[in-house]
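Asker: Have a look at this one.
Laboratory data are not the source of any read-out in this text; all were calculated from the coordinates shown. For clarity, every value in this text was computed on a predicted model and none was experimentally measured. Note that each Cβ is placed from the backbone with ideal geometry, even for glycine, and that neighbours are counted across all protein chains shown.
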Amino acid sequence: MGWQGDHPSSDFRGGGFLALECLIYFAEKKPLAFQRLCFKMQGVRSDWEYPFAAAGVNITFLLTKVFDLKPSQAADHASSAFDEVTPPGSAAGRAFAAMLADPPSGRGQENGAPAATVSSSSSSVAPPAEASFVFEEIFCLTFELLDRIWLEEKADYMQFPNVLKKVEDVLTKAMAKAPKTTAELSELFQN
């Protein structure tokens, strides 16, 4: 599946449990895209490809960095690291928070569920059911972006950091345009 070492746990130090959740989400919710990327089924591939799972961990870490997601200093370490977060300081982070807080009309409000709220006083994000997978959806889009750039650059393993930097640049610029949905973000990735 593309781990860097003999034991996958060493690869998770950069993205933690969230990286594993994102990889599982990708495999379960987008199996065709997952298989296409995992098994390198598209494009002219390098002899020395990026390790798929380790790339997923790097993407998770990249997203938390770009979105300026940091666990609250007061967060209980027994709970999820992102149950309470400090408000994001970056434009990309604010755009991500807005995607959680202001789902398009009708999204997240089925069966009377309230829209997500971001409270600066409590610094917590309470996503509705539909918005609760925004991070994972962006993870999937970003993984596909990474593979597209990888193929465009005709990259090999040693160029992975350069490709990841280009992904970061595209993601940051796209999020600066404050997309309201992951579909809008996907369109921005295509331009």
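Asker: Suppose each label sits 7 Å from its Cα in the direction of the beta carbon; what would the Phe133-Asp102 distance come out to in nanometres?
Answerer: Distance between label points: 2.5 nm.
Asker: Okay, next question. Please give the length that would be gained between Lys29 and Tyr157 if that part of the chain were fully extended, namely 0.36 nm times their separation in residues minus their C-alpha to C-alpha distance (nm, one decimal).
Answerer: Once the chain is fully extended between Lys29 and Tyr157, it gains 43.3 nm.
Asker: Right, something else. So for the stretch 141-191, averaging the separation of alpha carbon pairs under 8 Å that are six or more residues apart and normalising by length, what relative contact order in percent results?
Answerer: On the way: 22 pairs, mean separation 18.2, N = 51.
About 36 percent, as a whole number.
Asker: Using packing as a proxy for protection, rank 138-148, 164-174 so that the peptide with the highest average count of other Cβ atoms within 10 Å comes first.
Answerer: Highest-to-lowest ranking by the protection proxy: 138-148, 164-174.
Asker: Taking the alpha-carbon set of the stretch 140-191, what are its Rg and Dmax in Å?
Answerer: 11.2, 35
Asker: Another question about this same structure. Excluding residues fewer than 8 places away in the same chain, name every one of the lysines whose C-alpha is closer than 22 Å to that of Lys30.
Answerer: Within the straight-line cut-off, Lys30 pairs with Lys40, Lys180.
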